[in-house]
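What follows is a short report on a single structure.
Throughout, read-outs are computed from the coordinates displayed, never taken from laboratory work. Small disclaimer: the values here were computed from a predicted structure and weren't measured. A quick note on method: Cβ atoms are made from the backbone with ideal geometry, for glycine too, and the neighbour counts reach across all protein chains shown.
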Amino acid sequence: MGQEGIGETYQMQVCNCGLIGDVLILAKPGDIYAVYPPDGGTTNLNLAVGNYTVRWYNPRLGGKLWNGLVFKISGPETVCLGNPPDSIDKDWAILIKSEELPGQRI
């Protein structure tokens, strides 16, 4: 099987992206970022040019993605990702996705 249809996750790499502490991130800069702050709370992320959505995943319960207080962000700049929908002192995974389709970026 080739790379076609495997998904964006396999194209992501570990990225520093301006994060501090034990926060983990996988990224395909400009397209998609997966951020995991294991101790909860908020964090900042250095974004490439573009407009992005921010969704939260609760790894303790599973299920759907949730909106937090911040659900739209733009780069290029370092932005605060806001707090998760609840249990801000617990771990959450954060999915940041570009609103632009590949090939439509300026």
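Looking at region 33-104, which chymotrypsin sites (Phe, Trp or Tyr not before Pro) are in a loop (DSSP not H, G, I, E or B) and have at most 14 other Cβ atoms within 10 Å? Taking region 33-104 and a limit of 14 other Cβ atoms within 10 Å, the loop chymotrypsin sites (Phe, Trp or Tyr not before Pro) found are Phe71.
Taking other C-beta atoms within 10 angstrom as a stand-in for reagent exposure, Lys28, Lys90, Lys72 fall in the order Lys72, Lys90, Lys28, fewest first.
When +1 charges are put on Lys and Arg Cβ atoms and -1 charges on Asp and Glu Cβ atoms, the dipole computed for region 44-106 relative to its Cα centre reaches about 180 debye. Here the label points at Glu99 and Asn51, each 7 Å from Cα along the C-beta direction, are separated by 0.3 nm in the simple model. Sorted fewest first by neighbouring Cβ atoms within 10 angstrom, Ile32, Ile25, Ile88 come out as Ile88, Ile32, Ile25.
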